[in-house]
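> Here it is: the structure, laid out below.
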Amino acid sequence: MAAEAAFRAPMLASLLRMPDEAAVLRRGDWVYERKLDGLRGIAVRNGAEVELWSRNHLSFNTRFPDLVGAVAGIAVPSFVLDGEIVAFSGGRTSFQLLQSGPAVADEQPVYVAFDLISLLGRDTTVLPLEERHDLLRRAVGADHPRVLVAEQLTGDPVDLLAAACRAGWEGLVAKRRGSLYREGRSGDWRKLKCSARQELVIGGWSDPSGSRTGFGAILVGYYQDDRLVYAGKVGTGFTERTLHSLHAAMRALGTAEAPFADPPRLRHAHWTRPELVAEVEFTEWTRDGRLRHPRFLGLRPDKPAREVVRES
């Protein structure tokens, strides 16, 4: 009897700096996929029952009911897919569009599948990358506008990344040919980024000034060993709606003690338990370990706070 499809923790990519580490890719045999600016999603189907999970096993079913229905429309009755929930705007993916829920104007989120974990009760993680991708394309088919299969690219990594950045992509993911699917972070998948951005843990906020409502800036950091290290203030990128909703979420987690190992000396700072994770874009890290020109992109409910570390 075939095994029931079930959630499995996903495989994660390790960061690779370009062009400094391009030789790592040029020495091996790799294929490349577009790095998508969205929410990681594991799609599990057992007949009429479909679950869409975040990477840390939180349900997305209520948040994206249309995508659950789209996955249920795939002809194959049992599978586990690994992919990304994304919203496209003018050909580019927009993480901020996903923050508003199931639909934003005409920009409907889609599910982009890029790997196959199981099919018809069979474990496919033991198959090489090429076989998994071929089975994925055949299983999903081409008749599902809300469920897509990631395109694989080949070529020189420096040229491919340059083209991706010119097109406004977040970057690329390099995947080693012949590699198996393994839970957790792996050197067989490498992420190549176009701009400096990463997840950071929210540890507090400052008061608003002028006509601003909610808060002035969020105070963020990352884990180094067991210490939450302060990385700076993020005061731009918020909509009026986000100012209110995020302020309420931080107040609900409020605490009298600063969670940072090196808390900033700010007047009227407020602290929150380090549970919320923000996606932040910035130009660079300063010499004293602070973010330069940071901008808030959205919350990451799919990222556990304790896994947030500083990326090079």
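The values are calculated or read from the model by the stated rules, or taken from the named source; none is laboratory data. Every value quoted in this text rests on a predicted model; they were computed, and no experiment measured them. Virtual Cβ from ideal backbone geometry, glycine too; neighbours counted across all protein chains shown. When the accessible area is computed, the model is the full protein with side chains, heavy atoms only, and any ligands, DNA or RNA have been set aside. Shrake-Rupley method; radii C 1.70, N 1.55, O 1.52, S 1.80 Å.
> How much net charge surrounds Gly235 when only other residues with a Cβ under 12 Å from its Cβ are counted (Lys, Arg +1; Asp, Glu -1)?
Neighbourhood net charge equals +2.
> For the pair Ala6 and His57, how long in nm is the line joining their label points, each one 7 Å along Cα→Cβ?
That separation, rounded to one decimal, is 1.0 nm.
> Tell me which residues come under 5 Å, amide H to amide H, from Ala196 once H is placed; ignore anything under 5 positions away on its chain.
Placed amide hydrogens put Phe282 under 5 Å from Ala196.
> What are the ³J(HN,Hα) couplings of region 77-88, residue after residue, when phi is run through the Karplus curve with 6.51, -1.76, 1.60 and θ = phi - 60°? Round to Hz, x for glycine and proline.
Couplings: x, 8, 5, 10, 10, 10, x, 9, 8, 9, 10, 9 Hz.
> What are the ³J(HN,Hα) couplings of region 267-282, residue after residue, when phi is run through the Karplus curve with 6.51, -1.76, 1.60 and θ = phi - 60°? Round to Hz, x for glycine and proline.
Listing the rounded values in order: 6, 6, 6, 10, 10, 9, 4, x, 10, 8, 10, 10, 8, 10, 9, 7 Hz.
> Compute, for region 94-227, the length of the dipole vector about the Cα centre, with Cβ point charges of +1 (Lys, Arg) and -1 (Asp, Glu) only. Units Debye, rounded to 20.
Dipole of region 94-227, to the nearest 20 debye: 160 debye.
> Looking at the square roots a ≥ b ≥ c of the eigenvalues of the Cα gyration tensor of the chain, which shape do they give, rounded for a/c under 1.5, prolate if a/b is larger than b/c, or oblate? Working shown, then result.
Numbers: a/c = 1.91, a/b = 1.47, b/c = 1.29.
It is prolate, given that a/c is not under 1.5 and a/b is the larger ratio.
> Can you give me the long-range amide H partners of Ser118? Hydrogens built in the peptide plane at 1.01 Å from N, cutoff under 5 Å, separation of 5 or more residues or another chain.
Val80, Thr124
> Using a probe radius of 1.4 Å on heavy atoms only, what accessible surface per residue do you get for region 265-312? Whole Å² is fine.
61 Å²
> Now for a separate question. Taking the Cα atoms of region 1-94, what is the range of coordinates along each of the three principal axes, in descending order and whole Å?
48, 39, 25
> From Cα pairs below 8 angstrom and at least 6 apart in sequence, can you work out the relative contact order of the chain, rounded to a whole percent?
For the chain, the relative contact order is 19 percent.
> With r as the distance between the Cβ atoms of Val126 and Arg290 and R0 = 51 Å, compute the FRET efficiency 1/(1 + (r/R0)^6) and round to 0.05. Can you show the working numbers first?
On the way: r = 45 Å, r/R0 = 0.88.
About 0.70, to the nearest 0.05.
> I'd like the trypsin sites (Lys or Arg not before Pro) in region 250-308 restricted to DSSP loop residues with at most 10 other Cβ atoms within 10 Å, sorted by number. Can you show the working numbers first?
Numbers: sites: Arg251, Arg265, Arg267, Arg287, Arg290, Arg292, Arg295, Arg306; in loops: Arg265, Arg267, Arg287, Arg290.
Taking region 250-308 and a limit of 10 other Cβ atoms within 10 Å, the loop trypsin sites (Lys or Arg not before Pro) found are Arg265, Arg267, Arg287.
> Quick check: pseudo-label points 7 Å beyond the Cα along Cα→Cβ at Val31 and Glu257, how many nm apart are they?
Result for the modelled spin labels: 5.1 nm.
> Here's a follow-up. Per DSSP helix of 4 or more residues, -39500 (n - 2.57); summed, then divided by the residues of the chain. What does that give at 222 nm, rounded to the nearest 500?
Result for the chain, helices only: -4500 deg cm²/dmol.
> In percent, how large is the relative contact order of region 59-188, given Cα pairs closer than 8 Å and 6 or more residues apart?
In percent, rounded to a whole number, it is 25.
> What is the spin-label model distance, in nm, from Ala249 to Ser195 if the labels are put 7 Å beyond Cα along the C-beta direction?
The answer from the label model is 2.0 nm.
> Further question: What is the gain in length, in nm to one decimal, between Thr239 and Thr154 on full extension, counting 0.36 nm per residue of separation less the C-alpha to C-alpha distance?
26.7 nm
> Then there's this: What is the distance in Å between the Cα centroid of region 164-226 and that of region 28-99?
About 18 Å separates the Cα centre of region 164-226 from the one of region 28-99.
> Taking 22 Å as R0, compute the FRET efficiency from the Cβ-Cβ separation of Ala167 and Thr283 and round it to 0.05.
Step by step, r from the Cβ atoms, then E = 0.60.
> Near the amide H of Tyr223, under 5 Å away, which other amide H atoms are found, from residues 5 or more places off or on another chain, if H is placed in the peptide plane?
When sequence neighbours closer than 5 places are left aside, the close amide H contacts are Val229, Val308, Val309, Arg310.
> On to the next question. Could you tell me which of Leu200, Ser94, Leu291 has its Cα farthest along the dipole of the chain towards the positive end, charges placed at Cβ (Lys, Arg +1; Asp, Glu -1), taken about the Cα centre?
In the chain, that residue is Leu291.
> Would you mind telling me the share, in percent, of accessible area of the chain contributed by carbon and sulfur at probe 1.4 angstrom?
Roughly 49 percent, rounded to a whole number.
> Assuming R0 = 35 Å, can you tell me the calculated FRET efficiency for the pair Arg138 and Ser14, based on Cβ-Cβ distance, to the nearest 0.05? Write down the numbers at each step before the final one.
On the way: r = 29 Å, r/R0 = 0.84.
After rounding to 0.05, the efficiency reads 0.75.
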